Amino acid sequence: MIVSPSLLSADFANLSQDVAMCESSRAGMLHCDVMDGVFVPNISFGFPVIKAVAKIATKPLDVHLMIVNPQNYIGRVRDCGAAIMNVHQEACIHLDRTVAAIKAAGMKAAVTINPATPVVMLEDIIEEVDMVLLMSVNPGFGGQSFIDNTLKKVKQVRALIDTSSSQALIEVDGGVNERTGALLATAGADVLVAGNYVFKSSDPVGAITKLKNL
Ligand code: DX5
Ligand code: ZN
């Protein structure tokens, strides 16, 4: 299992300490949630913060853009130091073009779908993407409860990958903890994003290890 701690739940006044904690842990990447107050009803952080994190992190940055028109920011996301650029299927009219542009910019391309978006929407892009990100909460806030229907969707994406030439990883984001993480591991998830479960824990490094070992 690959663990991607979500910095949305980190202590922004001590971000370098929280990044250092992730660096010292078995986290495989660092999840950065960008929100624009339009695609989702919240605003988080943007390029300057991602740039600052990239300066002190050696692990790949997994940037999740909860914004409209993400295709307008591909170059800037790359210049911030992102390794993976996640765009929402719901935010991209020309998803195929956007995925190609992300890869041409030298990043891995991931496509994200909301809880009510069916997996069939990925059918004609699956062979082009490096990762699928399934939202297991409605995006916009950390600390929400896991939506159980996601387990079915993980199995559906796994079947889609297995019946195509896709090598895509399956990432899940929202309400992940030891219990839901175990269910997701069984269903076939490769990458677990966790915000509150990691950063609100009294032992964040241990919490990451627990998810890693699922
Ligand atoms: C939600 C974000 C998530 C969030 C997860 O909109 O995309 O990455 O930080 O937080 P938890 O793990 O607390 O649900
Ligand atoms: Zn996220």
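Each reported figure results from applying straightforward, stated rules to the coordinates on display, with no laboratory input. The structure presented is a predicted model; accordingly, all values stated were derived computationally and were not measured. Cβ coordinates were reconstructed from backbone atoms using ideal geometry, including for glycine residues, and neighbour counts include every protein chain displayed.
Miscellaneous remarks
- Cα-based reach from LYS200 at 18 Å (exclusive), listing aspartates and glutamates while leaving out same-chain residues under 8 positions away: ASP11, ASP18, GLU23, ASP33, ASP173, GLU178
- Under the Karplus curve 6.51 cos²θ - 1.76 cosθ + 1.60, θ = phi - 60°, whole-Hz ³J(HN,Hα) for the stretch 50-63, x wherever Gly or Pro sits: 4, 4, 5, 5, 4, 5, 10, 9, 9, 6, x, 8, 9, 9
- Length gained when the stretch LYS55-VAL38 is fully extended (0.36 nm per residue, less Cα-Cα span): 3.3 nm
- Cα→Cβ-extended label distance, 7 Å offset, between SER145 and THR209, nm: 3.1 nm
- Per-residue HN-Hα couplings for the stretch 20-25 [Karplus 6.51, -1.76, 1.60; θ = phi - 60°; Hz; x = Gly/Pro]: 4, 4, 4, 4, 7, 9
- Separation in nanometres of the label points that stand 7 Å from Cα toward Cβ, at HIS94 and GLU128: 1.1 nm
- Span from the the stretch 61-112 Cα centroid across to the the stretch 1-30 one, whole angstrom: 21 Å
- Global geometry of the stretch 70-170, whether rounded, prolate or oblate, following the gyration tensor of its Cα atoms and the 1.5 cut on a/c: oblate
- Inter-site label distance for SER165 and GLU23 at 7 Å from Cα along Cβ, in nm: 4.0 nm
- Among PHE146, PHE141, sorting on how many other beta-carbon atoms sit within 10 Å of each Cβ, with the fewest leading, yields PHE141, PHE146.
- Note, ³J(HN,Hα) from phi for the stretch 141-149, Karplus 6.51, -1.76, 1.60, rounded to Hz, x at Gly and Pro: 8, x, x, 8, 7, 4, 8, 4, 4
- Shape class for the stretch 1-87, computed from the alpha carbon gyration tensor (a ≥ b ≥ c): prolate, with a/c not under 1.5 and a/b above b/c.
- Peptides 82-92, 46-56 ranked from most to least packed, by the mean per-residue count of other Cβ atoms within 10 Å: 82-92, 46-56.
- Using just its DSSP H runs of length 4 or more, each adding -39500 (n - 2.57), the chain gives a mean residue ellipticity at 222 nm of -9500 deg cm²/dmol after division by all residues.
- Order by protection proxy (mean Cβ within 10 Å, highest first), peptides 164-173, 189-198, 57-66: 189-198, 57-66, 164-173
- Taking the stretch 142-181 and a reference point 7 angstrom along Cα→Cβ of LYS200, the backbone N atoms nearer than 18 Å belong to 142-148, 173-181.
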